[in-house]
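Below you'll find the structure, written out as structure tokens, and then a few comments.
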Amino acid sequence: MINYLDVWGLKIIGNSDKWRLRQAVIFFVVLAAMFTDNRRLVFFFLSATAFAAGIGCRQPPAGRAADRPVTPRSTIRYAHGFRIDYYEGYRDVSIFDRKAGRTDTLHYLLVEKGVDPPANRPGLPVIVTPVQRMAVISSMHIAMAEFVGVADRITGLGSIQYVSSPIVRAGIRAGKVKQVGIDAGINNEAVIAMHPGVLIVMSNPGTGGGTYKTLTDAGIPVLPDADWLETTPLGRAEWVKLVAALVDRDETVETKFDSLARSYRRLADIGSHASPKPSVITDMPFKGTWYVPAGESFMAQFLRDAGANYHWSDTKGTGSLALGFEAVAPVALTADVWINLGNVDSKADVAAKDNRFGSLHPFQTGALYNYNRRINDLGSNDYWESGSMHPDLILADLIRILHPGLLPGDSLYYYKQLK
């Protein structure tokens, strides 16, 4: 809707308070300049006019969004799973589902408040920005909101049992943040009652939206996040720019993320060129299956960047390889280092899982390192929360584990050696 400000009978047109204020300032400055012959005052008035012209320069155009491209406010450099295109009054978010040699695309329109969606994009999901309340599912989403500076806008969380963020924990204690459930167990009534501006879910784009149809029918936008399908740690972390777009903080997060990326690349240059490269095994068997990172996964890239010799580095896939104990044992017997052992806190815990582990070389030498240094009083492991947005700190830990003395200092941030 077009609004106006009545100034001495003059209708100043615009679709926001800042826009109308800008026009009013220009009107009074020009008027004052007309009634003075003092050159200094005229110069001042003209300078003030130029300054006022910049006030609210990003205000959306009045009325309907136009399908005219504008200068991008952020650039996606590492992630392959989504893209943001900028238009006058809205952003077009594309989320890609790559499979069987083809790419399917889901589109979401992030339309600025007070602007109607573009007429030529009917039927696409619309999210009004900036989002003031959001419901999220995973620990990674909390970390993204923290990175962007909007953790206080989280009102719904998949589970409130394990949280590290002080801001979100305070919201839980105050009753502001409610538990909404996960996947098929999501509490539709709770989400609809809080009516967030968006619900961010962990979902493969190809699974379809049937799980959340009740919510979308109720007008709740559901946005899938598939960061775990990225092939690099920076690609995974770059999904934070999607959250930045939701809350209109594109430029701020662009600058902050660039600093993070520079830190990571500097460390990767050090780690990847280190020699010799210690052999590494990861994880532990679960119900008879030993899941290890596939060669195209972001975890495998972590190991390459840290200067590790990883046996499955050349395999295909962005997730995990499901292997039997017999397939991993020959590699594990002679490995130099064992990392990411899961829910264990000591060598005794590891041995209790399977007495065969005692014969593995890293167990015998004590080269066991787990990502559980930062566990709080709730049992929440911050590796899974803030670690997702600080891959540089994880990489620094891995380099210190694999190549002691290569980096200044020897203290670990997320990891610790199991005794």
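Laboratory data are not the source of any read-out in this text; all were calculated from the coordinates shown. These numbers come from a predicted model, not from an experiment. Backbone-built Cβ (ideal geometry, glycine too); neighbour counts: all protein chains shown.
When DSSP assigns beta bridges and you keep just the ones with both residues in segment 82-260, what percent turn out antiparallel, to the nearest 5?
On the way: 16 of 32 bridges.
DSSP beta bridges in segment 82-260 are roughly 50 percent antiparallel.
For segment 274-397, max minus min Cα coordinate along each principal axis, in Å, sorted largest first?
Between the extreme Cα coordinates on each principal axis of segment 274-397 lie 35, 33, 29 Å.
Using label points projected 7 Å from each Cα along Cα→Cβ, tell me how many nm separate A352 and Q161, to one decimal.
Between A352 and Q161, the simple spin-label model gives 1.9 nm.
Which ³J(HN,Hα) values in Hz, rounded to whole numbers, follow from the phi angles of segment 257-272 under the Karplus curve 6.51 cos²θ - 1.76 cosθ + 1.60, where θ = phi - 60° and Gly and Pro get x?
5, 4, 5, 4, 5, 4, 4, 5, 5, 5, 5, 4, 5, 6, x, 5
Longer than 31 Å from Cα to Cα, which of K277/K416; K256/K287; K176/K287; K178/K287 are they? Say none if no pair is. Each step should come with its number before you reach the end.
Details: K277/K416 20 Å; K256/K287 41 Å; K176/K287 38 Å; K178/K287 33 Å.
In this structure, K256/K287; K176/K287; K178/K287 exceed 31 Å between Cα atoms.
What does the convex hull of the alpha-carbon atoms of segment 82-260 project to on average, in nm²? Let's see the in-between values first.
On the way: hull surface 43.4 nm².
Result: a mean projected hull area of 10.8 nm².
Using a 10 Å cut-off around each Cβ, can you sort H141, H390 from fewest to most neighbouring Cβ atoms?
Numbers: H141 26, H390 22.
Ranking H141, H390 by Cβ neighbours within 10 Å, fewest first, gives H390, H141.
May I ask what percent, to the nearest 5, of DSSP beta bridges between residues of segment 274-417 are antiparallel? Each step should come with its number before you reach the end.
Working: 10 of 17 bridges.
Taking every DSSP beta bridge with both residues in segment 274-417, the antiparallel ones total about 60 percent.
Please turn the phi angles of segment 144-155 into ³J(HN,Hα) values with the Karplus equation 6.51 cos²θ - 1.76 cosθ + 1.60 (θ = phi - 60°), one per residue in order, whole Hz, x for glycine and proline.
4, 4, 4, 4, 6, x, 10, 4, 6, 8, 6, 10
What would the Debye formula give as log10 I(q)/I(0) at q = 0.11, 0.16, 0.18, 0.21 Å⁻¹ for the alpha-carbon point model of segment 98-173, no solvent?
-0.43, -0.75, -0.83, -0.92
Which FRET efficiency value, to the nearest 0.05, is calculated for A174 and K113 with the Förster distance at 22 angstrom and r the Cβ-Cβ distance?
Numbers: r = 26 Å, r/R0 = 1.20.
Efficiency, from the Cβ-Cβ distance: 0.25.
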